[in-house]
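Read the structure below first, then the notes.
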Amino acid sequence: MVTNWLKSNLKGDHQIWTIVAALSMISIIVVSSASGKLAVMASGGIFYHIFKHIILVSLGLGSMWFFHRLDYHRFAMYSNAGVILSFALLIYAYKFEQGINHANRWIHVGGLTFMPSDLAKLSLITNLAAMLAKRQHVSYTFNEILPMIVKIILVCSAIALTNVSTSLLLFTTCFLLMFFGRVPSQYLLLALAGIFITATLLVMTGTGSRIETARNRVINFASGLKGTKKKDASQTSDYQIERSFYAIANGGVLGKGPGKSQQRYFLTESESDFIYAIIIEEWGMIGGVFVLGLYLWFLYRGMKAVDSSGRAFGGLLSAGLTFSLVIQAMVHMGVATGLGPVTGQNLPLLSMGGSSLLFTGAMVGIIIAVSRDKVNNPIL
Amino acid sequence: MNIKKDIVMRLRFVFLLILLFAGGIIWRIVQLQNIEGEKWRKASSLRYVSERTIEAVRGNIYADDGSLLATSLPKYRLGFDPLVSLSDKNRRIFDDGIEELCKKLSNFYGDKDWKDYYSMINLARHEKDRYILLNNSLIDFQDVKMMKKWPIFKEGKYKGGVVFEKVNVRYNPFGKMGFRTIGYKKDKEKVGIENSFDSQLAGVPGKGIFEKIGQGSFRPIDGGEEAIPIPGLDIHTTINVNIQDVAESSLLRALKRSGADKGCVVVMEVATGEIKAMTNLTRMRDTSNYAETYNHAVLGLTDPGSVFKLASMVALMEEWNLSNEELVETGDGKMKIGDKILEDSKTTGYGTITAQSVFEHSSNVGTAKLMLKYFGKGNEKKYYKKLHDFHLDQRLNFQLRPDAIPRISPPKKGDITGLPWNSIGYGMLLTPLQMLTFYNAIANDGKWIQPIIVKETRVADKVEDDFKLKQEVDENPICSEETLKKVRKMLEGVVERGTASNIKNDLYKIAGKTGTSQKLINGKYRKGMYYTSFIGYFPADAPKYSCVVAIDNPRGVKKEALFASDASAPVFKEIADKIYACDIQMHKLLAKDANGGVKLTSQKQIAHTSDIKAINEEFGIERKPSNEGWSVMQAENGKVHYEEHSNPKNKVPDLRGMSLRDALYVLENKGFKVSYSGFGKVKSQSIPPGVFAAKNRTIGLVLN
């Protein structure tokens, strides 16, 4: 019965569905524990946050289900408009919205918050995949490449105004996508030079609310590597990282068990930016490696979709979205384990979050939609 | 090359890079857990959180009128988080304000130079401590409010690093009053109401998450409460603050005067059994100071002495219908029973007297003779049965724990001295409160009622537990009405003509009995060392309060000073006088003199019109002042004249003829400071009327 229902309703790669289901379950368990602190701090009662998270996870799955049934080819047409809209929204948020911790990343619509960078990510990757797909049978010319690079740099700079790490992640994804799309290396270098010049300009003029923070974090991380760190350099990010290490070191192989985390009380973003540390503290190295494995498996399945997809657009779209998601996960885990400077990156599909869960759901939905291709269109 | 293959190859290449990165993550986990594991675990063990209990707010203890007897006040300890000042943003705040702050701290606490504070804070910053206690002494909320305006501190917890650690401290608004009765809870010692009602007062502690911040000290994490503590219940006692105050000061004066070892007073409301005052004072070793260190009234078991003769008399009347007029031969005041000699205090003896006289003069021989006449000859058991009916051999189950168990036991077979000595209050152990409860039953028309000191427990205004409902009351009167009439006559006689005639007064009647017993020391009764008591009730014709005063081992030159009549009875009177003076319900109404009319003084008076009107209404004076504000009132030939009293702004008014209360009101409103001497109305003033008023000038008033 259930299997039949699943078969008729969940199309596409069933392995990806399995991975997503596993991550959602883990998410609910871990966030419940990590937000134990939040729950007692809020007036809404102990279960308010857990309940809210379960609803959001369900909505994310709903959005996934909704998108996986659509014909993804149609997104190619809307993507350009999406890029322009998200650019406008990013500038609006920077100018007019009051943010948390001086990071005005959100737009408030009614009682809901929404991050324009999520929309920007989705539409830019789709748009880029569409543009690249057109060029697979003809060689690239400068006149065709330039609009791509300009779009990438404009959107990434707009994101960088409020969130430097997300901007860098998106740029990396776009860069990889261009690489996958066989853009000649001189143009790739051009893109690199372009973002470098823009970044220098932003830092020099001090534009953007988070540039300074990013600079400090990088300097702090670099000096930590070199061992020249001043004793009292930027306490806050050090504090977070140290707490994350405490959590990992105390987790051991098997972990302390669910709900036993100590560091959740100290890690200010334990339910989002440092959830991987909490997973290891509570579930041990085994839990940590398992979650890491799930993302790698997901990446593998995403690539499989490329492998079997009929047309270049589907393949590039799936690759772009999969890599975007997995790289973000890797960065999150890298931060928690001290491989990179502190960023505010969620663990996609796992961390507590609002609108971002809906967008992540949409991204995964599109990846699954691409994986359906092989059934309809066996070979190019 | 195939386009698709090319794309797939590129994907695989990046996939490999990501696998490599994933390997790096796993390697870091291994490294953090094993190679660096020890270091991080050790560091984290210094800063951890744990679940700790949060003390519930202890309930309050209230007097019968709702005034606070004991409450918990929040006090604070000043702490500081030096780490806060280390971040880039907050460093400037710290650097700018630290010197002024240290000076303020030094000024406020006055214990250290400001430089000591400065170096203490800087050392902690250097050591990267998460928390230091700036001063251990407790400050109150007003101080906290003031400190929140100081430099650095005004930036709050997250920018300034100030931490006010809350501590609940027990506070008794009336100071040492009723100290032992209200009780206290210190480390191991718990006494009084605080002890007996500890479980109700304590409430239910909550649980919360605390961060360890150093050796044995914890700091609550914001919002880390897991179970909110349930505050303790409020205890509403029957203690009356005024009566308690009178009892305490009267007893203290008497003890100091006589240099006695200890003493106690209990005042009980006759009809309800409510304890209105309970005080116990003990002389501190080798000093002339007294303190509440032991509750004699509840725990002090002694030979009650002559006050017990009341029980014997009631028993005789009940069982054998003894008449007040029955004659007893007391002879020369000596009586040999077995190998013991019983003596009266009057060395020559009282001769042949009535039973009433025996009681009034507290004749031991007379009492013993009556007892032997009726309860001797194999009737002893009936006497002890009566004492049982009087509840005298039973514990009171009083609310203050522990409960003393009285010891009264029938003599063994062949012991012929047991009964006569028992009948005059020797050879048994009773507490003052037990004796008082018996006397109270007599005052309460024979109805025995258990004494209570706690009426109810409450949560805010909701009554949680009503102890009045659980109060033990004996439905059957302990004696007949006839006996009551007879025995009350005896008790009144004691004050009218007997051993306590020194406290007789015209205003109201006191009924009671003195007791002077030799102290039993090392198994022998000592002459010259007495335990004196007076138990009685007042007003005798409609008893409202019963009271026991016991004074142990008073010293004096005269033998009489050692006796109850001189030691205890006057304390009783002093307390009774003050209660009587304050309690208007006890007063007899003054009969209105029908013919005399209202007598008016010819003195000039200044009073507020509204007051004059109120008084006139009460006395039926028809003429009323026509103006508003202050009026001058003068009577001439039995008629009252009124005049408006001028009270110009900024000028000193004429105060002569004003009451002090009115004068204070007028003058202090104009900004004067007032000094005065004497009683009555203002007779003269140091600044003449009409002078311009200057603020803060002192004006002297003489009253007459």
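The values are calculated or read from the model by the stated rules, or taken from the named source; none is laboratory data. Because the structure is a prediction, the values reported are computed rather than measured. For neighbour counting, all protein chains shown are included, and Cβ atoms are generated from backbone atoms with ideal geometry for every residue, glycine included. Areas reflect the complete protein model, heavy atoms only, side chains present, ligands, DNA and RNA absent. Shrake-Rupley method; radii C 1.70, N 1.55, O 1.52, S 1.80 Å.
Filter region B:387-406 down to the residues that are open to solvent by less than 30 Å² (accessible area, probe 1.4 Å) and modelled with pLDDT of 90 or more, then identify the one that is nearest to the chain's Cα centre (by Cα).
B:399
Can you tell me how many residues within region B:473-497 are more than 16 Å from residue B:512 (Cα to Cα) and open to solvent by 40 Å² or more (accessible area, probe 1.4 Å)?
7
Which numbered condition in (1) within 14 Å of another protein chain (Cβ to nearest Cβ); (2) surrounded by fewer than 23 Cβ atoms within 10 Å (Cβ to Cβ); (3) under 25 Å from the mean Cα position of the chain (by Cα); (4) among the polar types (S, T, N, Q) is the only one that residue A:173 fails?
(2)
Taking region A:176-198 as the search range and keeping residues that are more than 14 Å from chain B (Cβ to nearest Cβ) and β-branched (Val, Ile, Thr), which one is farthest from residue A:116 (Cα to Cα)?
A:197
Given the criteria under 23 Å from residue A:14 (Cα atoms), modelled with pLDDT of 90 or more, open to solvent by less than 10 Å² (accessible area, probe 1.4 Å) and more than 10 Å from chain B (Cβ to nearest Cβ), does residue A:321 qualify?
yes
Can residue B:64 be described as more than 28 Å from residue B:208 (Cα to Cα), charged (D, E, K, R) and facing another protein chain (nearest Cβ under 10 Å)?
No.
Take the residues of region B:407-435 that are assigned to a loop (DSSP other than H, G, I, E, B) and open to solvent by less than 10 Å² (accessible area, probe 1.4 Å): which is farthest from residue B:277 (Cα to Cα)?
Result: B:424.
Please specify each residue of region B:684-703 satisfying the condition of being outside any loop (DSSP other than H, G, I, E, B) and surrounded by 14 or more Cβ atoms within 10 Å (Cβ to Cβ).
B:685, B:699, B:701, B:702, B:703
Filtering region B:171-192 down to residues that are over 22 Å from residue B:74 (Cβ atoms) and not basic (Lys, Arg), which residue is surrounded by the fewest Cβ atoms within 10 Å (Cβ to Cβ)?
The selected residue is B:189.
Please determine, by comparing only the residues of region A:239-259 that are surrounded by fewer than 24 Cβ atoms within 10 Å (Cβ to Cβ) and in contact (Cβ under 8 Å) with a residue 60 or more places away in the chain, which one is farthest from the other protein chains (Cβ to nearest Cβ).
Looking at the filtered set, the residue picked out is A:258.
Could you tell me which numbered condition residue A:262 fails, if it satisfies all but one of (1) open to solvent by less than 10 Å² (accessible area, probe 1.4 Å); (2) under 18 Å from residue A:32 (Cβ atoms); (3) more than 17 Å from the chain's Cα centre (by Cα); (4) within 11 Å of another protein chain (Cβ to nearest Cβ)?
The one condition residue A:262 does not meet is (1).
Mind checking which helices (runs of 4 or more DSSP H) fall wholly inside region B:162-203 and carry at least 1 residues that are under 14 Å from the mean Cα position of the chain (by Cα)?
Per the criteria, B:179-182, B:192-196.
Inside region A:285-311, can you point out the residues that are hydroxyl-bearing (Ser, Thr, Tyr) and open to solvent by less than 50 Å² (accessible area, probe 1.4 Å)?
Within region A:285-311, A:295, A:308, A:309 qualify.
Hey, residue B:649 hits all of (1) part of a loop (DSSP other than H, G, I, E, B); (2) over 38 Å from the mean Cα position of the chain (by Cα); (3) under 20 Å from residue B:603 (Cα atoms) but one; which does it fall short on?
It fails just one condition, (3).
Give me the residue from region B:1-59 that is closer than 20 Å to residue A:287 by Cβ and among the basic types (Lys, Arg) and, out of that set, surrounded by the most Cβ atoms within 10 Å (Cβ to Cβ).
Taking the candidates together, the pick is B:28.
Residue B:358 fails exactly one of the following numbered conditions: (1) in contact with a helix residue (DSSP H, G or I) (Cβ under 8 Å, 6 or more places away or on another chain); (2) among the β-branched types (Val, Ile, Thr); (3) in a loop (DSSP other than H, G, I, E, B). What is the number of that condition?
All conditions pass for residue B:358, except number (3).
Mind telling me which of the residues B:309, B:336, B:381, B:385 ends up being part of a helix (DSSP H, G or I), closer than 22 Å to residue B:416 by Cα and free of Cβ contacts under 8 Å to residues at least 24 places away in the same chain?
Unique residue meeting the criteria: B:385.
Here is a check on your reading of the model: is residue B:252 within 20 Å of residue B:566 (Cα to Cα), open to solvent by 10 Å² or more (accessible area, probe 1.4 Å) and modelled with pLDDT of 90 or more?
Here the answer is yes, as residue B:252 does meet what is asked.
Counting just the residues of region B:320-330 that are touching a strand residue (DSSP E or B) at 6+ places or on another chain (Cβ under 8 Å) and outside any strand (DSSP E or B), which one comes out most open to solvent (accessible area, probe 1.4 Å)?
B:325
Any residue that is within 14 Å of another protein chain (Cβ to nearest Cβ), outside any helix (DSSP H, G or I) and without any contact (Cβ under 8 Å) to a residue 60 or more places away in the chain - is there at least one of those in region B:102-123?
For region B:102-123, residues within 14 Å of another protein chain (Cβ to nearest Cβ), outside any helix (DSSP H, G or I) and without any contact (Cβ under 8 Å) to a residue 60 or more places away in the chain: absent.
Answer yes if at least one residue in region B:70-86 is among the hydroxyl-bearing types (Ser, Thr, Tyr), within 11 Å of chain A (Cβ to nearest Cβ), in contact (Cβ under 8 Å) with a residue 12 or more places away in the chain and surrounded by fewer than 18 Cβ atoms within 10 Å (Cβ to Cβ), and no otherwise.
No, there is no match, as no residue in region B:70-86 is among the hydroxyl-bearing types (Ser, Thr, Tyr), within 11 Å of chain A (Cβ to nearest Cβ), in contact (Cβ under 8 Å) with a residue 12 or more places away in the chain and surrounded by fewer than 18 Cβ atoms within 10 Å (Cβ to Cβ).
Restricting the first residue to region A:275-302 and requiring it to be at the interface with chain B (Cβ under 8 Å from one of its Cβ atoms), which pairs with a second residue that is among the aromatic types (Phe, Trp, Tyr) meet a Cβ separation below 9 Å and a spacing of at least six or different chains?
Note: pairs meeting the criteria are A:288/A:276; A:292/A:276; A:296/B:15; A:299/A:323; A:299/B:15; A:300/B:15.
So, in region B:582-614, of the ones that are out of contact with any strand residue (DSSP E or B) (no Cβ under 8 Å at 6 or more places or on another chain) and at pLDDT 75 or above, which residue ends up most open to solvent (accessible area, probe 1.4 Å)?
Here the answer is B:582.
Do you know which of the residues in region B:37-61 that are part of a strand (DSSP E or B), more than 9 Å from chain A (Cβ to nearest Cβ) and β-branched (Val, Ile, Thr) is farthest from residue A:337 (Cα to Cα)?
Filtering first and then ranking leaves B:61.
Taking the options B:656, B:661, name whichever one is charged (D, E, K, R), within 38 Å of the chain's Cα centre (by Cα) and either in a strand (DSSP E or B) or under 17 Å from residue B:632 (Cα atoms) (or both).
Answer to the check: B:661.
Under 9 Å between Cβ atoms, which residue pairs at least 6 apart in sequence (or on different chains) link something in region A:305-324 that is within 14 Å of residue A:364 (Cα to Cα) with a partner that is charged (D, E, K, R) and assigned to a loop (DSSP other than H, G, I, E, B)?
Taking only residues 6 or more apart or on different chains, the pairs are A:305/A:13.
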